[in-house]
Every structure is written in C-alpha cells, then in structure tokens.
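Here's the structure we're looking at; comments come further down.
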Amino acid sequence: MRVTIGNPASAPQPLGPYSQVARVEPDGTGALLYLSGQIADGDGVAAQSRGIFRTLSALLDAHGATLDDIINIRTFMTDLGDLPAYAAVRAEFLTATPPTSTTVEVPRLFRPEALIEVDVVAAVPSGAPGA
C-alpha cells in the first residue's frame with residue numbers, strides 16, 4: 001500500500017499547517033483520496049458552499065478525480081437552519097448518485113466567519129491520471 005500526503009500546487013493552498021489530501025493506493029487498482037475540511041470566504045452559507053465545492057473540485061482534479069468520484073461527504077454547519085441553502089448548492093455540484101453523507105451542527109468552526117466546513121473521501125477510478 002502506498003500513501004501520499006500533500007497539497008497540490010494547482011489547488012488553493014491550506015490556511016494552516018495541515019495537508020489537504022491523503023492519497024491511499026491499496027493495490028494498484030485505483031486510489032482513495034481523503035480531503036481535509038474546506039472552508040471558503042463569502043457572505044452567507046450559499047456563497048461559502050460554492051467556494052468550498054470549487055476548492056474540492058480543484059483538489060480532486062489534481063489527482064485525476066472529479067466531484068462524481070466522492071463516496072463520502074461530511075458537513076459541519078454552525079446553523080442547521082441554513083441546510084436548505086447548502087443543499088441547493090450541493091445539488092448544483094454533486095449531480096451523480098449521492099455519496100454517503102453526514103451533516104452536523106457545531107457551535108463554531110476554526111475561523112469565526114466560517115459558517116460551513118466540508119470534507120470528503122473520493123475513489124479515484126483505475127486508469128485515471130494520477131491513479
């Protein structure tokens with residue numbers, strides 16, 4: 001098994017001392033990507049969600065994957081009352097079979113202005129660039 005952890009130069013860089021992607025290649029038949037939680041600037045949860053999905057897309061693209069390859073998504077929100085706005089944006093970006101999902105309300109995130117944080121796991125198909 002090979003594990004590579006890092007920050008692709010082609011995607012937005014992390015806001016702190018952490019790696020954004022862990023790539024696990026179990027046996028040469030593809031890879032699993034574990035992406036760190038992402039936040040984004042913007043006024044309101046819809047704007048922040050769009051920024052998050054753009055960053056997730058760039059991180060996945062750097063490893064030969066797309067948003068359609070997401071198999072698990074975890075969402076942390078400071079107000080579940082914003083869930084309909086997030087769900088609408090999520091539906092714009094996740095158009096394939098929905099991944100497994102967890103959404104929880106938290107009292108706050110690591111940046112006071114952040115309303116939402118999302119992390120994902122994706123399965124890179126065998127034969128994809130970087131797979």
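The numbers here are math on the coordinates, done by the rules we state, and not lab data. Not measured: the values here are computed from a predicted model. Here the Cβ positions follow ideal geometry from the backbone for every residue, glycine too, while neighbour counts run over all protein chains shown.
Summary of computed values
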| quantity | calculated |
| --- | --- |
| Karplus (6.51, -1.76, 1.60) ³J(HN,Hα), θ = phi - 60°, over segment 60-67, in Hz, Gly and Pro reported as x | 5, 4, 4, 10, x, 10, 10, 4 |
| Relative contact order of the chain, pairs being alpha-carbon contacts under 8 Å that are 6 or more residues apart, as % | 33 |
| Computed log₁₀ I(q)/I(0) - Debye formula, equal Cα scatterers, no solvent, the chain, q 0.13, 0.15, 0.16 Å⁻¹ | -0.51, -0.68, -0.77 |
| For Gln38, distant residues with modelled amide H under 5 Å away | Val118, Asp119 |
| Karplus (6.51, -1.76, 1.60) ³J(HN,Hα), θ = phi - 60°, over segment 9-20, in Hz, Gly and Pro reported as x | 5, 7, 10, x, 7, x, 8, x, x, 8, 9, 8 |
| Computed [θ] at 222 nm, helices only, for the chain once each DSSP H run of length n ≥ 4 contributes -39500 (n - 2.57) | -7000 deg cm²/dmol |
| Förster-model FRET efficiency, 25 Å R0, Asp41 and Ser126, C-beta, rounded to 0.05 | 0.10 |
| Under 11 Å, Cβ to Cβ, from Ala31 - net charge with Lys/Arg +1 and Asp/Glu -1 | -1 |
| Filtered chymotrypsin sites (Phe, Trp or Tyr not before Pro), segment 39-131: DSSP coil and at most 12 other beta carbons within 10 Å | Phe110 |
